[in-house]
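First comes the structure, then the notes that go with it.
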Amino acid sequence: MGLPGPGLWLKRFWVFLEVAVHVAVGKLLLTLFPDRVKKNILAMGDKTGMTRNPNFSHDNWIPTFFSTQYFWFVLKVRWQRLEDTTELGGLAPNCPVVHLSGQRCNIWDFMQDGWAFKNNVDIRNHQNLQDRLQAAHLLLARSPQCPVVVDTMQNQSSELYAALPERLYIIQEGRILYKGKSGPWNYNPEEVRDVLEKLHS
């Protein structure tokens, strides 16, 4: 993909400053006013359903906010969004992905045929494709109602779709019909359901 140009480096530096201030202020407020900050975070969690999961209490995720790992994760996500090239109605990137069997394909073929919460599934950063496939099997053990593939170690799909940490898309015949906002706060499966129901009505 080559080295980023000077314009992108300047944007990255600006994002670095924004995230650094966000984390520093957040840490200060969490220290001085823990109950108020907790209340605000829980209000955001209500929008995404994070607070409605009985197996996932707020003690598992609120204390992880504004940590060093949180800083680097948010910075990585924000930097990735600077390179987001997907557009609603535009051509969907046909990135390489890997079936859990190890077979390589492109994401269109599949469609047609640093920070973690406490008490979460402990998955270290993947060092190789086998690590990534092994992590995907943890998801399969929960019987998802959809096929599962993983990104390659170059993370091309994640980068081109600006999918970190999560993002929902609807793609039909290679065109993006729906591009959700980035999660976890703006992750909205109900919007996807509405769009799919309209498509099939």
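Quick notes on this structure:
- Taken over the stretch 132-165, the criterion of being farther than 13 Å from residue 107 by Cβ and either open to solvent by less than 30 Å² (accessible area, probe 1.4 Å) or touching an Asp or Glu at 6+ places or on another chain (Cβ under 7 Å) (or both) is satisfied by 133, 135, 136, 162.
- Qualifying residue in the stretch 186-201 (condition: over 29 Å from residue 62 (Cβ atoms), touching a helix residue (DSSP H, G or I) at 6+ places or on another chain (Cβ under 9 Å), surrounded by 11 or more Cβ atoms within 10 Å (Cβ to Cβ) and not assigned by the TED database to the domain that holds residue 41): no
- Screening 27, 47 for residues that are modelled with pLDDT of 80 or more, of a type in the set (Lys, Arg) and part of a helix (DSSP H, G or I) leaves exactly one candidate, 27.
Yes/no per residue for (1) assigned by the TED database to the domain that holds residue 170; (2) assigned to a loop (DSSP other than H, G, I, E, B); (3) modelled with pLDDT of 80 or more:
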| site | (1), (2), (3) |
| --- | --- |
| 94 | yes, yes, yes |
| 97 | yes, no, yes |
| 108 | yes, no, no |
| 111 | yes, no, no |
| 132 | yes, no, yes |
| 136 | yes, no, yes |
| 145 | yes, yes, no |
| 154 | yes, yes, yes |
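- Picking from residues in the stretch 156-173 that are in contact with a helix residue (DSSP H, G or I) (Cβ under 7 Å, 6 or more places away or on another chain) and modelled with pLDDT of 85 or more, the one that is nearest to residue 91 (Cα to Cα) is 171.
The values are calculated or read from the model by the stated rules, or taken from the named source; none is laboratory data. Predicted model, so just to flag it, every value in this text is computed and none were measured. All Cβ positions, even for glycine, are placed from backbone atoms using ideal geometry, and neighbour counts span all protein chains on display. With ligands, DNA and RNA removed, areas are computed over all heavy atoms of the protein, side chains included. Shrake-Rupley method; radii C 1.70, N 1.55, O 1.52, S 1.80 Å.
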